[in-house]
């Protein structure tokens, strides 16, 4: 099993290696020397694949020798777990054990794609539903177990939503370990997707995602009851028509 972190223009601020020392930054050849000053584990990829996160993720899936691949964002801070009303932060070894357990569970269930709870809030975790089988898998933590599917390089800002739907459409099941969650900066720093992400482009990508999968499955929250006016949410809402938990 290998842990890969696509990274672009963040050689001075990437943080994932500080938490998981086994992480490998996937960077362009022209930025490799800069990243080597930050972390010893670097995969220098061709310059031309950068600038499109889906293309970078596909490069990793196509060229890694491992079948068990974890793709993490480069701004990960930690993994956590709720114990009652107390949130526990996992240490590095605990995090690695959790990842290995997830990979093993995915293999036993025949799942090719799995992840963690997207929200660290206590209200987002139901103690009696520690696992999900047909949920959205968020971009900061995407694990693959011999997954034959590839990211849509046209929908490169919503690639996690699209991969979630691809997997569920073909295999009818994924795995989300709801008892665990991740905490990352997520679009608050320079570089990475922020270098080409705009509201207009987000809206265009949402439109393309909805056209691909249909308005019954991909919807958006355009309301803001507190202000009593319409507001556009850049995060899609997936309504997955598959039975499961």
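The values are calculated or read from the model by the stated rules, or taken from the named source; none is laboratory data. None of the values given here were measured: they were computed from a predicted structure. Virtual Cβ from ideal backbone geometry, glycine too; neighbours counted across all protein chains shown.
For residue 55, the stated conditions do not hold, so it cannot be described as touching a helix residue (DSSP H, G or I) at 6+ places or on another chain (Cβ under 8 Å) and surrounded by fewer than 18 Cβ atoms within 10 Å (Cβ to Cβ). The residues of the stretch 172-186 that are crowded, with 22+ Cβ neighbours inside 10 Å and outside any strand (DSSP E or B) amount to a single one, 174. Taken across the stretch 224-236, residues that are part of a strand (DSSP E or B), within 20 Å of residue 151 (Cα to Cα), modelled with pLDDT of 90 or more and touching a strand residue (DSSP E or B) at 6+ places or on another chain (Cβ under 8 Å) do not occur at all. Meeting the requirement of 1 or more residues that are over 20 Å from residue 102 (Cα atoms) and within 16 Å of the chain's Cα centre (by Cα), the helices (runs of 4 or more DSSP H) wholly within the stretch 1-76 are 53-63.
What about residue 62, is it closer than 22 Å to residue 42 by Cβ and touching a helix residue (DSSP H, G or I) at 6+ places or on another chain (Cβ under 9 Å)? No. Consider only pairs whose beta carbons are under 7 Å apart and that are at least six residues apart or on different chains; among these, list those whose first residue lies in the stretch 80-99 and is over 21 Å from residue 175 (Cα atoms) and whose second residue is modelled with pLDDT of 95 or more. That search, which allows pairs on different chains as well, returns 87/80; 88/80; 88/81; 89/78; 89/80; 92/19; 92/20; 92/21.
Between 185, 200, the distinction of being more than 15 Å from the chain's Cα centre (by Cα), at negative phi and modelled with pLDDT under 95 belongs to 200 only.
All of (1) outside any helix (DSSP H, G or I); (2) within 27 Å of residue 99 (Cβ to Cβ); (3) modelled with pLDDT under 95 hold for residue 190 with one exception: (2).
Test residue 135 against the criterion of being in a strand (DSSP E or B) and within 17 Å of the chain's Cα centre (by Cα), and give yes or no. It is false that residue 135 is in a strand (DSSP E or B) and within 17 Å of the chain's Cα centre (by Cα).
Being part of a helix (DSSP H, G or I) and either modelled with pLDDT under 95 or surrounded by fewer than 16 Cβ atoms within 10 Å (Cβ to Cβ) (or both) is a condition met by no residue of the stretch 140-147.
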